[in-house]
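J.: Provided herewith is a single structure, encoded as structure tokens, for subsequent inquiry.
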Amino acid sequence: MKGSRSLLKKILLIDIVIVIYIILTSSIIDYRSETKVAGIFVDSILKWSEEQHGEFRQVIERETKLSVKPDEELFLRLKGEILLQVESVGEAWWLNPDDKKRYFLGRPGDTWRTIQNKGIKIASDELVQYLYFDKSFPLITAGRFVINEDDLTDVYYVLPKSLKGIKLNSAQEAWEVMKEQGMGISNENIRKLSVAQIYDK
């Protein structure tokens, strides 16, 4: 009887070891599989990012090559505006009033990066004054991006003519607003405005 119990214990112990082995090996397989899937996903994201970056650079290089001598009068008339290159594929550009260059707005991320790099930061109490009391922004901010220095996600585009601030709640919304606010311009005219290079700050 005692021998039978001992044998039974050994069998149970072996069964437990086998179950643990199966669980561990399946976990390792799953881990490897998940790691492989994650690796493929990351590679796909990186490839997509490189493609987008490549397209961005191609537009910059094309427009730089085709640009002619800058037209100061045209710049003064259009500074701060969002320009849509209607004779191409509708590329959106922002004409920076400060450095006189046009910035390609490409995709939401490109637009948001430009806003954060070139925006004017002001105190929240000053921003409240313009939004709710003065009802418009000062002339110095016309056609510029205004950022709440206390909350960098609180961003506005100041319309060049009315000086009204349009709230930009996200990168996607900012990109969409830029498209909505854009004015059409021919290739001939837009190429009279200097192009900001991709790494301009």
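J.: Within the range 111-119, identify whether any single residue is among the hydrophobic types (A, V, I, L, M, F, W, C) and under 24 Å from the mean Cα position of the chain (by Cα), and answer yes or no.
T.: Within the range 111-119, one or more residues are among the hydrophobic types (A, V, I, L, M, F, W, C) and under 24 Å from the mean Cα position of the chain (by Cα).
J.: Looking at the structure I just gave you, is residue 169 outside the structural domain of residue 58 (by TED's automatic domain parsing) and either of a type in the set (Lys, Arg) or surrounded by 18 or more Cβ atoms within 10 Å (Cβ to Cβ) (or both)? Explain how you work it out, then say what you get.
T.: Details: outside the structural domain of residue 58 (by TED's automatic domain parsing): yes; either of a type in the set (Lys, Arg) or surrounded by 18 or more Cβ atoms within 10 Å (Cβ to Cβ) (or both): no.
Taking the combined requirement at face value, the residue does not satisfy it.
J.: Is it the case that the range 157-169 has a residue that's modelled with pLDDT under 95, under 14 Å from the mean Cα position of the chain (by Cα) and not hydrophobic (A, V, I, L, M, F, W, C)?
T.: Within the range 157-169 (the criterion being modelled with pLDDT under 95, under 14 Å from the mean Cα position of the chain (by Cα) and not hydrophobic (A, V, I, L, M, F, W, C)), the answer is yes, since at least one residue qualifies.
J.: Now a separate question. Taking interchain pairs and intrachain pairs at least six residues apart, which have beta carbon atoms under 6 angstrom, with the first residue in the range 107-120 and closer than 17 Å to residue 55 by Cβ and the second outside any helix (DSSP H, G or I)?
T.: From the range 107-120, the pairs are 111/105; 114/103.
J.: Which of (1) in contact (Cβ under 8 Å) with a residue 24 or more places away in the chain; (2) more than 27 Å from residue 57 (Cβ to Cβ); (3) part of a helix (DSSP H, G or I) does residue 140 not meet, given it meets every other one?
T.: It fails just one condition, (1).
The values are calculated or read from the model by the stated rules, or taken from the named source; none is laboratory data. Treat the numbers as computed from the prediction; the structure is a model and nothing was measured. With ideal geometry, Cβ positions are generated from the backbone for all residues, glycine too; neighbour counts draw on all protein chains shown.
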